[in-house]
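A short worksheet on the structure shown next.
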2 protein chains.
Amino acid sequence: MSQDKIISFENIRVACRSCSLNALCLPMGLSSEDVEKLESIIKRSRPLHRGEHLFSGGERFQSLFVVKTGSVKTYTPSSEGGEQVLGFHLPGEIVGLDAIDQDFHSCSARVLETSAICEIPFRRLEELAATLPSLQHQLYRLLSKEIVEESELLMLLGKRNAEERLASFLVSLSQRFGKRGLSTTDFHLSMSRHEIGNYLGLAVETVSRLFTRFQDERLLDVDRKHVQVLDMARLETLAGVAQNRASRRESN
Amino acid sequence: MSQDKIISFENIRVACRSCSLNALCLPMGLSSEDVEKLESIIKRSRPLHRGEHLFSGGERFQSLFVVKTGSVKTYTPSSEGGEQVLGFHLPGEIVGLDAIDQDFHSCSARVLETSAICEIPFRRLEELAATLPSLQHQLYRLLSKEIVEESELLMLLGKRNAEERLASFLVSLSQRFGKRGLSTTDFHLSMSRHEIGNYLGLAVETVSRLFTRFQDERLLDVDRKHVQVLDMARLETLAGVAQNRASRRESN
DNA sequence: CGTACTATTGAGCGCTCTCAAAACCAGTGG
DNA sequence: CCACTGGTTTTGAGAGCGCTCAATAGTACG
């Protein structure tokens, strides 16, 4: 009977996938009516096309955004028209958490390809969370997770060489595609080499050379933006375990 | 009369400073009884001495910690005893936000000098927040702020050269000391050159050379761990505006 | 006052950036 | 279909920043 109201994690997962809210309700024990409440505040927008903005830096904070399909790039415009890429956001991931603090967006977000995006008005989410402890906790977790992931990236940029950075990047993409049920070894890069370089703190030329090298070493098969991982184990080794050089710098 | 219950921001500030909760209640509109509730869940621990841990990576998540006096370093131990410094936490700042997500600490935290630390059991804070919307919102902001600050650091590590990194580091310390009413131009570095280098992704030798250079250029006066900023304007320029080189890499 | 640690300074090298040019691709219009 | 244009990617050659190794100097502590 309570089974009527409490749906299982699996079902929630399915329900949420349909509304692209994995990120929010995946690990929660929300009853079906709670899920309905959550869904009721979500706006579904028309598909956005390459180059369109979810929001721009400085804009008033209204909503969080969940990527349903496609991909989003967040970046901070810098002087002279240059930009600093802060992250790439794939289906199931949330964009806009940076804006809660100051109540305006500290970065800009634009879609890299035609994408379906859900919008969650934050005020209403906050109100709802106040009445649903598990949702409240989930929100804290979400924010905390973002912090942990940024710490990891931070380490990547601080201590790893070019090879390790690109390997980590590819492994990360692979794992994130995997979470959504997509292929972990065969995927499309929606961002340019330049954007990858910008994100990883490398020059475009270095990124390009590395792709060629990885291909020569039979790690990858690269055709423009299509990547096929041929040797995931070795790629993961490069990404994670290959801290030999870096750990020397760490250790003192 | 409601003045009896609602204390001004200034008073809250004072009240909170005494309990080192600036970070939590500074921008809130909590009534005095609410502040009392908040204070009631805070544990004050005995002073910790250099090298003692607040928590270690992998430990069960129990509490957040607020630095009252002294300083704390967070880091992730890596293979072979090396470590990656994730951040330095000064008085008024919060440690432990990374642990909310997985319910265990993803990094370790140890004090760099004799420090007074307050402990806030997170479960109780969460319960309290559920009944106090402004506290709930403040918690969201706190987490969001951490995300924004990490993004900034991310940019630092990705795109800036050694000089710019150290300058940014010093400016950041200066500003954070300033927030606590301490001198912005005259302060003590509680961390070693090695830890600074580790944090900034630089070799110890590079950090040392830069300190010498900054001193030669009359930017700083450095005596061991005592730093005096002689030309803050120029230091800030180095830290922030000096994106000439970096922005070339950004712009494509 | 020796031991261990931390910081400084010097010399050389390697990774990655920079500059430059060519190849490739996508879209447009003749 | 092809030429034209703007953009992206690739490839090459050289230079410089910051790392590495090594040695010295300074500091803390028993």
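The values are calculated or read from the model by the stated rules, or taken from the named source; none is laboratory data. Computed from a predicted model, the values in this text were never measured in an experiment. All Cβ positions, even for glycine, are placed from backbone atoms using ideal geometry, and neighbour counts span all protein chains on display. To get the accessible areas, we keep the full protein, side chains included, count just its heavy atoms, and leave off ligands, DNA and RNA. Shrake-Rupley method; radii C 1.70, N 1.55, O 1.52, S 1.80 Å.
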Evaluate region A:141-156: report whether one residue or more is farther than 25 Å from B:MET155 by Cβ and surrounded by fewer than 22 Cβ atoms within 10 Å (Cβ to Cβ). yes
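Which of the residues belonging to region A:184-242 are part of a loop (DSSP other than H, G, I, E, B), within 21 Å of A:GLY158 (Cβ to Cβ) and either within 12 Å of DNA strand D (Cβ to nearest atom) or assigned by TED's automatic domain parsing to the domain that holds A:ARG50 (or both)? Step through it out loud before you land on a result.
Initial filter on region A:184-242 (part of a loop (DSSP other than H, G, I, E, B)): A:184-185, A:189-192, A:201-203, A:217-219, A:224-225, A:230-231, A:242.
Next, from what is left, pick out any that are within 21 Å of A:GLY158 (Cβ to Cβ): A:201-203, A:242.
Result: A:GLY201, A:LEU202, A:ALA203.
Restricting attention to strands (runs of 3 or more DSSP E) lying wholly within region B:71-155, give those where 2 or more residues are modelled with pLDDT of 90 or more and among the hydrophobic types (A, V, I, L, M, F, W, C). It would help to see each step written out before you state the result.
Working: elements: B:72-77, B:83-89, B:108-111, B:116-121.
Correct list: B:83-89, B:108-111, B:116-121.
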Enumeration of residues in region B:57-70 that are within 30 Å of A:GLN138 (Cβ to Cβ), more than 12 Å from every other protein chain (Cβ to nearest Cβ) and part of a strand (DSSP E or B): B:ARG60, B:SER63, B:PHE65, B:VAL66, B:VAL67
Near pairs, Cβ below 7 angstrom, 6+ apart or cross-chain, from region A:209-221 (more than 15 Å from DNA strand C (Cβ to nearest atom)) to any residue that is in a strand (DSSP E or B): A:LEU220/A:VAL227; A:LEU220/A:GLN228; A:LEU220/A:VAL229
Quick one: which of A:LEU166, A:LEU189 is free of Cβ contacts under 8 Å to residues at least 60 places away in the same chain, buried (at least 16 other Cβ atoms within 10 Å of the Cβ), more than 14 Å from every other protein chain (Cβ to nearest Cβ) and not polar (S, T, N, Q)? A:LEU189
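Checking the condition open to solvent by 20 Å² or more (accessible area, probe 1.4 Å) and at pLDDT below 95, which residue from B:GLU59, B:GLU36 passes?
Details: B:GLU59 fails: at pLDDT below 95.
Being open to solvent by 20 Å² or more (accessible area, probe 1.4 Å) and at pLDDT below 95 holds for just one of B:GLU59, B:GLU36, which is B:GLU36.
Does region B:76-92 contain any residue that is polar (S, T, N, Q) and away from chain A (no Cβ under 11 Å)? Step through it out loud before you land on a result.
So the first thing to find is which residues in region B:76-92 are polar (S, T, N, Q), and the list is B:76, B:78-79, B:84.
Right, trim to away from chain A (no Cβ under 11 Å) and you get none.
Within region B:76-92, not a single residue is polar (S, T, N, Q) and away from chain A (no Cβ under 11 Å).
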When B:GLN102 is evaluated against the numbered criteria (1) open to solvent by less than 30 Å² (accessible area, probe 1.4 Å); (2) within 9 Å of chain A (Cβ to nearest Cβ); (3) out of contact with any strand residue (DSSP E or B) (no Cβ under 6 Å at 6 or more places or on another chain), which criterion, by number, is the only one it fails? (1)
Report whether or not A:SER174 is in a loop (DSSP other than H, G, I, E, B), open to solvent by less than 30 Å² (accessible area, probe 1.4 Å) and more than 14 Å from chain B (Cβ to nearest Cβ). no
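Which residue, of B:ARG213, B:ARG218, B:ARG209, is at positive phi, open to solvent by 50 Å² or more (accessible area, probe 1.4 Å) and out of contact with any Phe, Trp or Tyr (no Cβ under 8 Å at 6 or more places or on another chain)? Break it down into steps so the answer makes sense when it comes.
Numbers: B:ARG213 fails: at positive phi; B:ARG209 fails: at positive phi.
That would be B:ARG218, the only listed residue that is at positive phi, open to solvent by 50 Å² or more (accessible area, probe 1.4 Å) and out of contact with any Phe, Trp or Tyr (no Cβ under 8 Å at 6 or more places or on another chain).
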Per the filter on region B:106-160, residues free of Cβ contacts under 8 Å to residues at least 24 places away in the same chain, at the interface with chain A (Cβ under 8 Å from one of its Cβ atoms) and of a type in the set (S, T, N, Q) are B:GLN136, B:SER144, B:SER151
